[in-house]
Amino acid sequence: MEIKRIKIQNFKVFKEITVDFSSSDLIIFDGPNGFGKTSLYDAIELLFTGSIRRYNELQKLIVDGRESYEEHPFYNEGASGDIVVCIEFVKDSTSYFLERIAKTNDLSNRVDFSIYHLYEKDNFDSQERILIANEEDFLSNIFGGNYKENFKYLNYIEQEDSLFLLKNQDKNRKQHISHLFNVSEFENKIEVIKILKQKIDKICSESEGLIISELKSEIKQIQEILAKDFEETEFIKLFSEKDIFWDEPDFDYNILSYKDLFDEDGIMTQLDYFIVNKSLFKDYMHNETINSLLRDEILLNDFLRFYAFIEEKDELLKAKKSYNQKLTYLEKLKEFSIDDLEDEFFEYDFDNFSFLDSDLIDDFRDEFEILKKEIEELNSLETIYSNINDSREKLIKNIEKLKEEEGEISGNCLLCGNDWGDIDELLINISIQSDNLEEVTGVKSKKFNERLEEFKNEIVSDIINDITNDLTESKVDVQFIDKLCSFELIKFNNLILNFSKIDFNYVSYLSQIKKMDHEIELEKLILALKDNRRDFEIEKIQNYFREYFNEYFDNNYEALEKVDLDMLKKKTRYLKYNYSILQSDILIEKNKELEIKETKFKNAEKLSKQLKGMKDVYDKSLKKYQKKVIKDIEIIFHIYSGRIMQDFQGGLGLFIYSDKNGIRFQTNPAKTFDAVFSMSSGQLSALIIAFTLALHKKYSKNKIVLIDDPVQTMDELNVVGFVELLRNEFNKNQIIISTHEEMMSSFIRYKFKNYNLTQKRVNLKSMN
């Protein structure tokens with residue numbers, strides 16, 4: 001294979017560039033870093049494989065692939081139009097013209113190689129192109145199978161990640177180049193055997209073995225039952241009021257097995273034990289009922305204090321309402337004042353206060369009306385006085401002002417015309433008249449206050465005393481009534497029911513006092529309940545007793561008493577007799593089923609062993625073959641590594657070793673540690689170049705080698721060995737090398753020229 005030309009548009013550092021390789025054996029890209037050497041290799045890799053490996057590896061390290069950029073990472077800055085990589089190359093005397101394009105509209109701000117589509121053209125400069133629908137098949141026909149993997153490990157040594165293979169664990173190294181071994185047929189057969197064995201192993205698994213064991217046990221039990229004599233027995237119904245499916249004449253043993261009925265934990269076995277101990281169960285339930293009562297002391301306390309008065313709720317609510325009304329009136333009367341007389345909304349309705357003397361109520365009403373009238377008159381008089389007083393003050397001020405302005409003026413009154421001699425006399429008389437009017441108002445006010453105090457001290461005080469006495473005698477506890485009204489009768493239903501179950505008379509413990517602070521007989525009740533407990537053998541009580549009591553007897557002791565041991569024995573005989581009739585046919589079916597299962601199980605075991613043997617043979621053959629493949633390149637690798645690394649181990653070279661753990665590079669066959677632990681970065685770079693060239697020599701069908709800046713970390717002696725290896729062993733290959741050192745570029749071309757090999761320099765700095 002030989003690349004002729006390549007054209008790149010709008011890709012990375014290249015806005016547009018065309019490189020003519022001119023059928024050279026050696027092409028060297030040189031120039032300073034940043035001028036596009038690696039970008040050229042990326043363009044070639046993208047065209048041939050549809051992606052760029054190091055970007056794929058980077059994507060795997062980014063969580064959820066959510067890394068994005070402000071622009072498409074490969075789009076040339078300032079470019080317009082599509083990203084285009086076009087190449088012309090010759091393979092087996094046939095020329096190919098391929099073009100990979102990413103349309104501008106498809107470019108996004110992340111790495112997405114799916115938008116780079118491959119096209120075929122008739123010639124390098126043609127604008128006509130045909131989309132290749134299945135590019136993998138198309139390229140495989142040209143370059144051979146696994147062309148993508150081969151390109152990464154046989155044809156291209158990257159600058160940035162040349163140590164990619166060395167960074168992996170031993171076992172992962174083998175996986176990365178496993179396609180070279182051509183072991184897919186081996187692996188497919190091993191996988192088929194593995195899947196088949198997994199399916200067969202399920203047929204002869206431990207769980208299947210348990211099923212067979214259980215079937216054998218069931219057959220044995222049937223045989224034991226058939227060995228007994230069962231007399232024909234009439235049907236008997238245990239539970240006359242219940243519909244229990246196994247207590248019906250046409251009971252089907254397919255629904256409930258013999259074992260479910262008569263085993264140690266079978267229904268009939270347990271029911272028999274329950275009936276034997278039903279008196280103990282009653283004692284047990286009696287004590288459980290007491291425990292249930294004692295479990296909630298707060299509820300018991302409320303029951304004793306309030307239960308006797310539940311039916312009196314309505315009457316007590318009326319009493320509370322009356323009590324609160326009296327309290328309201330009492331507070332109003334204690335605070336009685338002139339404001340109440342002046343308040344048109346003040347109420348004094350004592351109709352519901354039957355305990356008050358009617359004459360006292362009449363006196364209150366009469367005196368209240370008198371006082372109310374007097375306060376109205378007094379307020380009116382005070383208003384008049386206030387107005388006159390205001391007028392007097394204004395008159396005096398005006399006369400004083402007139403006197404100042406006019407000097408001496410007569411004593412004639414300006415209102416009535418009476419001559420008072422002089423103005424001073426007039427003013428004195430005005431003051432006297434005002435004082436007389438104020439005295440009249442004061443006398444009336446004093447008499448009113450005296451009458452009001454007399455009303456409060458005699459009439460109101462008597463009413464207050466009568467209401468207070470009635471409140472004291474009524475003994476209404478509002479808190480008690482409120483708490484009582486918060487209860488409904490249903491709250492105490494379970495208590496009443498439980499008292500009934502143990503036949504306990506609780507009435508004598510109920511409180512008869514409607515007070516919250518009244519001490520109730522809770523402690524006495526608790527002691528009485530505890531004394532009511534019964535002694536019995538608790539160890540004979542089983543967990544299922546309660547379940548059976550509920551399921552078969554509806555928690556009814558009368559129903560429990562109706563079933564006795566004699567009835568159970570008759571029921572047992574009937575069930576076993578009917579079961580024995582069925583067992584003969586069932587036994588035949590069970591034996592057939594057992595024979596089929598055992599045959600299937602044994603055959604599966606035998607086949608599983610055979611499959612394991614086959615897998616072991618294939619595994620051993622695969623390992624042997626893989627080891628042979630590594631041996632095929634170990635001599636080449638040893639020679640190549642020695643020729644490149646002449647300053648390491650005296651140029652003896654490295655060894656490559658393959659075992660069940662993978663691939664390991666060694667400085668000495670006697671050592672077990674990997675050579676990477678004892679080598680410098682330049683030596684490691686030389687190692688991977690030697691390994692890649694060995695793989696290329698042995699397996700590559702495409703005689704082209706791309707090496708990105710191989711000498712930047714290598715010693716000068718290693719560089720010489722590397723160049724000598726290339727011109728001697730790979731002179732029939734097209735070799736494409738890049739370097740940032742102009743002197744190194746000249747040295748390599750000089751060596752190739754002296755060997756009569758064509759070479760070409762491409763200076764990327766001069767092309768940009």
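Residues in region 728-743 that are free of Cβ contacts under 8 Å to residues at least 40 places away in the same chain and in a helix (DSSP H, G or I): Asn728, Met743. Being modelled with pLDDT of 85 or more, of a type outside the set (A, V, I, L, M, F, W, C), surrounded by 14 or more Cβ atoms within 10 Å (Cβ to Cβ) and farther than 30 Å from Tyr258 by Cβ: is that true of Glu634 here? No: the conditions fail for Glu634.
Scanning region 413-461 for residues that are touching a Leu at 6+ places or on another chain (Cβ under 7 Å) and open to solvent by 70 Å² or more (accessible area, probe 1.4 Å), we see that the one that is modelled with the lowest pLDDT is Trp420. Selection of region 104-123 for residues being buried (at least 17 other Cβ atoms within 10 Å of the Cβ) and of a type in the set (A, V, I, L, M, F, W, C) yields Leu107, Val111, Leu118.
Checked against (1) closer than 26 Å to Glu232 by Cβ; (2) of a type in the set (S, T, N, Q); (3) out of contact with any Phe, Trp or Tyr (no Cβ under 9 Å at 6 or more places or on another chain), Ser580 passes all but a single condition, namely (3). Being more than 26 Å from Val507 (Cα to Cα) and either open to solvent by 100 Å² or more (accessible area, probe 1.4 Å) or out of contact with any strand residue (DSSP E or B) (no Cβ under 9 Å at 6 or more places or on another chain) (or both) is the requirement here; does Tyr552 meet it? Taking the combined requirement at face value, the residue satisfies it. On inspection, Lys37 qualifies as crowded, with 18+ Cβ neighbours inside 10 Å and either of a type in the set (Lys, Arg) or in contact with a Cys (Cβ under 9 Å, 6 or more places away or on another chain) (or both). For region 224-239, the criterion of being of a type in the set (A, V, I, L, M), touching a Leu at 6+ places or on another chain (Cβ under 7 Å) and open to solvent by less than 50 Å² (accessible area, probe 1.4 Å) is met by no residue. Within region 83-103, being over 50 Å from the mean Cα position of the chain (by Cα) and either exposed (fewer than 14 other Cβ atoms within 10 Å of the Cβ) or without any contact (Cβ under 8 Å) to a residue 24 or more places away in the chain (or both) holds for Asp92, Ser93, Thr94, Ser95. Filtered by the rule that a residue be open to solvent by 50 Å² or more (accessible area, probe 1.4 Å) and touching a residue at least 40 places away in the same chain (Cβ under 8 Å), region 275-291 gives Val276, Lys282. Just so you know, in region 326-382 the residues that are modelled with pLDDT under 80 and part of a helix (DSSP H, G or I) include one that is least open to solvent (accessible area, probe 1.4 Å), and it is Leu381. Considering the conditions (1) open to solvent by less than 60 Å² (accessible area, probe 1.4 Å); (2) more than 27 Å from Ser279 (Cβ to Cβ), Tyr544 is excluded by exactly one of them, (2). If a residue must be open to solvent by 70 Å² or more (accessible area, probe 1.4 Å) and closer than 26 Å to Glu248 by Cα, how many such residues does region 575-630 contain? Total satisfying the criteria: 4. Of all residues in region 565-593, those that are of a type in the set (D, E, K, R) have Cβ atoms under 6 Å from Cβ atoms of residues that are open to solvent by 40 Å² or more (accessible area, probe 1.4 Å), 6 or more apart or on another chain, in Lys576/Phe230.
Find all pairs meeting these conditions: Cβ atoms under 8 angstrom apart; at least six residues apart or on different chains; first residue within region 320-349 and within 30 Å of Leu484 (Cβ to Cβ) and touching a residue at least 60 places away in the same chain (Cβ under 8 Å); second residue aromatic (Phe, Trp, Tyr) and open to solvent by less than 60 Å² (accessible area, probe 1.4 Å). That search, which allows pairs on different chains as well, returns Lys326/Phe353; Tyr329/Phe350; Tyr329/Phe353.
Of the residues in region 251-263, none is free of Cβ contacts under 8 Å to residues at least 60 places away in the same chain, among the acidic types (Asp, Glu), open to solvent by 40 Å² or more (accessible area, probe 1.4 Å) and out of contact with any helix residue (DSSP H, G or I) (no Cβ under 9 Å at 6 or more places or on another chain). The set of residues from region 292-303 being of a type in the set (A, V, I, L, M, F, W, C) and either over 30 Å from Tyr506 (Cβ atoms) or surrounded by 18 or more Cβ atoms within 10 Å (Cβ to Cβ) (or both) comprises Leu293, Leu300, Phe303. In this structure, Thr672 does not satisfy being loosely packed, with under 12 Cβ neighbours inside 10 Å, modelled with pLDDT of 75 or more, of a type in the set (S, T, N, Q) and under 55 Å from the mean Cα position of the chain (by Cα). Evaluate region 745-756: report whether one residue or more is among the aliphatic types (A, V, I, L, M), surrounded by fewer than 21 Cβ atoms within 10 Å (Cβ to Cβ) and either under 20 Å from Ile28 (Cβ atoms) or free of Cβ contacts under 8 Å to residues at least 12 places away in the same chain (or both). No; the residues of region 745-756 include none that is among the aliphatic types (A, V, I, L, M), surrounded by fewer than 21 Cβ atoms within 10 Å (Cβ to Cβ) and either under 20 Å from Ile28 (Cβ atoms) or free of Cβ contacts under 8 Å to residues at least 12 places away in the same chain (or both).
For region 683-710, the set of residues classified as of a type outside the set (Gly, Ala, Ser), open to solvent by less than 20 Å² (accessible area, probe 1.4 Å) and more than 23 Å from Ile3 (Cα to Cα) consists of Leu687, Ile688, Phe691, listed by residue number.
Contact annotation: residue pairs with Cβ atoms under 9 Å, 6 or more positions apart or on different chains, pairing a residue in region 674-690 that is more than 13 Å from Glu158 (Cα to Cα) with a partner that is at pLDDT below 70 and in a helix (DSSP H, G or I), are Asp674/Asp170; Gln683/Ala675; Leu684/Ala675; Leu684/Val676; Leu687/Ala675; Leu687/Val676.
The values are calculated or read from the model by the stated rules, or taken from the named source; none is laboratory data. Predicted model only: the values in this text are computed from it and were never measured. All Cβ positions, glycine included, derive from the backbone under ideal geometry; neighbour counts span all protein chains shown. Heads up: the accessible areas ignore ligands, DNA and RNA and are worked out on the full protein's heavy atoms, side chains in. Shrake-Rupley method; radii C 1.70, N 1.55, O 1.52, S 1.80 Å.
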